Amino acid sequence: MGQDQGRDLATIRRFEAAGLRAWPAETVAYDGTWVVRLTAGHPAKRLNSINPLDPGDDRDLEQRIGKAAGQFEAYGRVPTFRISPLSAPAISRHLDQAGWSTFGQSLVMALDLEAASLAEAMDQIPLKDRRRFVNATLQVHGYEDKLRAGLSRVIGAIRPDTGLFVLEDGDEPVATAICVRDGTLAGLFEIATRPDWRGRGFGRRVLLSALKWARSHGAERAWLQVEADNEAAVGLYKALGFREIYRYHYRQPPGAGAHTKGE
């Protein structure tokens, strides 16, 4: 492995580890360096996925995939791999041969907060009321009410320092973001603007507030995940100075239909 490649993988490992801590699954099991995440109360892909974290870990693939599939079936979930640059190439070749579909390509983007221009950011105090934030998130994202309890449990299980941000117009929530500061990294999640309020700068404003809060609490680098085909969001993040670090995608068995949601 070349020095540059090793350095890149070290950076990716750092972001992947921060992501696992920032958005915790209900149950986590380990098979070698594969992290198997399952969450009964929320269907998001990142909460219900097999995450290989070592390019050299490709032993006994058929047996291990079958074991993981059984765990997913016990939860009523479709077996789902999350394939990042840390995944062994042999895994993808095995899934190709088995006819697994590829979908949900996403970007991990990062921003140097030391150099970020946050002069226009509002000083916004994060919400302490998790119930109020969850209510706002359901409205802004258009989530079904049945996700309320699961989303609340996920947010409540986050251990690093967390800021919950809601931008309102009157009494109506119009944009949301969660910022999780884990050491010098700040991860951004649940970023959204209500469809009828998009294009008016609300998403930018709530993001700038979250970034300013993160920097004031010691974060040096912000990061987020966004689906590659979300051109409006990718454009906004690039305009704020975010740059792509790496990509990942998901795999599911033939006929699964990519039922799960979220990055």
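Computed values, structure above
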item: Residue in region 21-31 that is acidic (Asp, Glu) and at pLDDT below 95 present; result: no
item: Some residue of region 204-217 being in a strand (DSSP E or B), in contact (Cβ under 8 Å) with a residue 24 or more places away in the chain and under 17 Å from Phe15 (Cβ atoms); result: no
item: Test: residue in region 62-74 that is in a loop (DSSP other than H, G, I, E, B), small (Gly, Ala, Ser) and over 14 Å from the mean Cα position of the chain (by Cα); result: no
item: Within region 65-122, tally of residues that are modelled with pLDDT of 95 or more, among the hydrophobic types (A, V, I, L, M, F, W, C) and within 18 Å of Leu188 (Cα to Cα); result: 6
item: Output for region 15-37, where each listed residue is out of contact with any helix residue (DSSP H, G or I) (no Cβ under 8 Å at 6 or more places or on another chain) and in contact (Cβ under 8 Å) with a residue 40 or more places away in the chain; result: Phe15, Glu16, Ala18, Arg21, Ala22
item: Residue pairs meeting the criteria (Cβ under 7 Å; at least 6 apart or on separate chains; first touching a residue at least 12 places away in the same chain (Cβ under 8 Å), in region 229-245; second surrounded by 14 or more Cβ atoms within 10 Å (Cβ to Cβ) and assigned to a loop (DSSP other than H, G, I, E, B)); result: Gly241/Ala116
item: Checklist (1) touching a residue at least 60 places away in the same chain (Cβ under 8 Å); (2) closer than 30 Å to Ala175 by Cβ; (3) in contact with a helix residue (DSSP H, G or I) (Cβ under 9 Å, 6 or more places away or on another chain); (4) of a type in the set (A, V, I, L, M, F, W, C) applied to Ala115, failing item; result: (3)
item: Scope region 38-61; condition in contact (Cβ under 8 Å) with a residue 12 or more places away in the chain, in a loop (DSSP other than H, G, I, E, B), surrounded by fewer than 22 Cβ atoms within 10 Å (Cβ to Cβ) and not basic (Lys, Arg); matching residues; result: Ala40, Gly41, Pro43, Leu53, Asp54, Pro55, Gly56, Asp57, Asp58
item: Criterion: assigned to a strand (DSSP E or B), surrounded by 18 or more Cβ atoms within 10 Å (Cβ to Cβ) and of a type in the set (Lys, Arg) - qualifying residue of Arg181, Arg247; result: Arg181
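The values are calculated or read from the model by the stated rules, or taken from the named source; none is laboratory data. Just so it is clear, the structure is predicted and the values come from calculations on it, not from any experiment. With ideal geometry, Cβ positions are generated from the backbone for all residues, glycine too; neighbour counts draw on all protein chains shown.
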